[in-house]
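Notes to accompany the following structure.
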Amino acid sequence: MFLNYKPTWKLSAVVQITPADLKRHGIKAVLADLDNTLIAWDNPTGTKELQAWIKTMAEAKIPVVVVSNNNAKRIHRAVTSLGLPYIARAMKPFSFGIRRAKVQLGLADSEIVMVGDQLLTDMLAANAAHIRTILVHPLEETDAWNTSITRFFEKFFMRHLDREYPELTWRNSLND
């Protein structure tokens, strides 16, 4: 059961992902959660570091697609300045939104990675869609009320995964 929640890698932040690391692993596209993964849930424009990361990915011809449970209006407002395509109402922890993104990208499962800050939504949905995953620390300690509930349960799952997979540690890059 817990294997469904297991990330492939754990990094502190999305901006630690480099095109070279992705290419070494055969990854050609990044799917990313929005709130507390790319941007703080209460900061709709993102940081300069994030904007530089998105530019680096674009220059490397690695598409970044936002896959979020938010509605299209909320995501559009947040990603317009970032210039990213998106899938709204992804319905994570189900894999519907991720599967839609896979079809749009036209890539094999092994060529796509999902980055998110939650085991119970992002990792579960991506694992169900058979793509690799990167769990990142949430950008903010505070969450929307509904996310606070899943964070409570997530601690139990994370403790189990840490015991079961001690080699799965927090890293600075995909190749540490």
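Against the conditions (1) assigned to a helix (DSSP H, G or I); (2) over 11 Å from the mean Cα position of the chain (by Cα); (3) closer than 24 Å to Ile149 by Cβ, where does Lys102 fall short? Just the number, please.
Every condition holds for Lys102 apart from (3).
Look at region 31-49 and say how many of its residues are over 13 Å from Glu140 (Cα atoms) and buried (at least 20 other Cβ atoms within 10 Å of the Cβ).
Selection size over region 31-49: 3.
Report, by residue number, each residue of region 1-18 that is farther than 15 Å from Val65 by Cα and open to solvent by 10 Å² or more (accessible area, probe 1.4 Å).
Met1, Phe2, Leu3, Asn4, Tyr5, Lys6, Thr8, Trp9, Ser12, Ala13, Gln16, Thr18 - these are the residues of region 1-18 that are farther than 15 Å from Val65 by Cα and open to solvent by 10 Å² or more (accessible area, probe 1.4 Å).
Which condition number in (1) crowded, with 20+ Cβ neighbours inside 10 Å; (2) under 21 Å from Thr18 (Cα atoms) is the one that Ile98 fails?
The single condition Ile98 does not satisfy is (2).
At pLDDT 95 or above, of a type in the set (Ser, Thr, Tyr) and on the phi < 0 side of the Ramachandran plot: which single residue out of Thr147, Thr133 fits that description? Before you say what the answer is, go through the steps one by one.
Numbers: Thr147 fails: at pLDDT 95 or above.
The conditions single out Thr133.
Given the condition touching a helix residue (DSSP H, G or I) at 6+ places or on another chain (Cβ under 6 Å) and free of Cβ contacts under 8 Å to residues at least 60 places away in the same chain, answer yes or no: does some residue in region 107-123 qualify?
No, because not a single residue in region 107-123 is touching a helix residue (DSSP H, G or I) at 6+ places or on another chain (Cβ under 6 Å) and free of Cβ contacts under 8 Å to residues at least 60 places away in the same chain.
Quick one: in region 1-47, which of the residues that are over 27 Å from Ala72 (Cα atoms) and touching a His at 6+ places or on another chain (Cβ under 7 Å) is modelled with the lowest pLDDT?
The residue in question is Phe2.
Among the residues in region 152-170, are any in contact (Cβ under 8 Å) with a residue 60 or more places away in the chain, within 22 Å of Lys73 (Cα to Cα) and not in a loop (DSSP other than H, G, I, E, B)? Lay out the reasoning, then the answer.
So the first thing to find is which residues in region 152-170 are in contact (Cβ under 8 Å) with a residue 60 or more places away in the chain, and the list is 157, 160-161, 164-165, 168-170.
Next, only the ones that are within 22 Å of Lys73 (Cα to Cα) stay: none.
There is no residue in region 152-170 that is in contact (Cβ under 8 Å) with a residue 60 or more places away in the chain, within 22 Å of Lys73 (Cα to Cα) and not in a loop (DSSP other than H, G, I, E, B).
The values are calculated or read from the model by the stated rules, or taken from the named source; none is laboratory data. Here the structure is a predicted model, which is why all the values come from computation and not from measurement. Glycine gets a Cβ as well: all are built from the backbone with ideal geometry, and neighbour counts include every protein chain shown. Areas reflect the complete protein model, heavy atoms only, side chains present, ligands, DNA and RNA absent. Shrake-Rupley method; radii C 1.70, N 1.55, O 1.52, S 1.80 Å.
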